[in-house]
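Q: Take a look at this one; I'll ask things after.
The values are calculated or read from the model by the stated rules, or taken from the named source; none is laboratory data. Just so you know, these numbers come straight off a predicted model, no measurement behind them. Here the Cβ positions follow ideal geometry from the backbone for every residue, glycine too, while neighbour counts run over all protein chains shown. Keep in mind that these areas ignore ligands, DNA and RNA; they rest on the heavy atoms of the full protein, side chains included. Shrake-Rupley method; radii C 1.70, N 1.55, O 1.52, S 1.80 Å.
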Amino acid sequence: MTQTRNEQNPLSPRPNHEVEHEEHWVSVSDLMGGLMMVFLLIAVVYMVQLEIESRKVRDVAVLYDRLRTQLYEDLYEEFEEDLPRWGAELNRNLSLRFYDTEVLFPQGEDTLRPAFREILEDFFPRYLGIITSAKYRDDILEVRIEGHTSSGWGSLPEREAYIRNMALSQARTRTTLAYLLSLPEVSGERDWIKAHLTANGLSSSKVVMENGVEDPARSRRVEFRLRTDAESRIEGLLEEESP
């Protein structure tokens, strides 16, 4: 029987093509292993970077939650005794709502009633003094004067009533803003007011609901709503180079 070279002599060298074939597979496996290590390293770096950014966002969120809480407490301490007689309420979302329709404006008009002018003369200088203090001044992004109405307008269809109420709510907030700018007590902060105070008529887009039914009287209101710059601070942190 004829025997192969290896069978005749197991110690004889293997053919070159067999050695080259094995060396080829060793090289490919080394390459794949190296690539896996590179991908693993990239994944680890990405997860570390993501954790750093998430920690920054959490830190800023905690900081501004404390700031909003402290701001609410300072405003409440200042106005606690005044809110009932003004027909107003302060919410933890930093909105201060005037809802006594007998005080605000004549029905369908944008003229401030004398009683509301007196309230604004008392309220706004004190309010401005808190939010422009060194404690909060750099953290206030916007002070929104929001005008809200009920959804109705006599017998007009819903769409036309909404448009009429939009014009009315916008006119009322502009009248309110103009009156605030005219107050001598705030003249020293007039530039800050112009840069931060805005007038926003919202018509009936955010009516007050009670047990699933609109409360027309409480829907007709004026709100002072504060916006802090938490969002821009978070964006700024994320743009910083990670250590």
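Q: Carbon and sulfur atoms: what percent of the 1.4 Å accessible area of segment 86-154 do they account for?
A: Whole-percent figure for carbon plus sulfur exposure: 44.
Q: Compute the distance in nm between two label points, each set 7 Å from the Cα along the Cα-to-Cβ direction, one at Y179 and one at E109.
A: Reported label-point gap for Y179 and E109 is 1.2 nm.
Q: Please give me, ordered by residue number, the trypsin sites (Lys or Arg not before Pro) of segment 62-139 that lie in loop per DSSP and have at most 14 other Cβ atoms within 10 Å.
A: The qualifying sites are R92, K135.
Q: How large is the accessible surface per residue of segment 81-188, computed with a 1.4 Å probe and reported in Å² as a whole number?
A: Per residue, segment 81-188 has an accessible area of 50 Å².
Q: How far apart, in nm, are the 7 Å Cα→Cβ label points at E118 and D74?
A: 2.9 nm
Q: From a point 7 Å beyond the Cα of R85 in the direction of its Cβ, which residues of segment 195-227 have a backbone N at a distance under 11 Å?
A: none
Q: While we're here: Could you derive backbone 3J(HN,Hα) for segment 94-110 from the dihedral phi with the Karplus parameters 6.51, -1.76 and 1.60 (θ = phi - 60°), listing whole Hz in sequence and x where the residue is Gly or Pro?
A: 6, 9, 10, 10, 9, 10, 7, 5, 6, 9, 6, 9, x, 4, x, 10, 10
Q: Roughly what would the spin-label model give for N93 and R137, points 7 Å off Cα along C-beta, in nm?
A: Placing both labels 7 Å along Cα→Cβ, they lie 3.0 nm apart.
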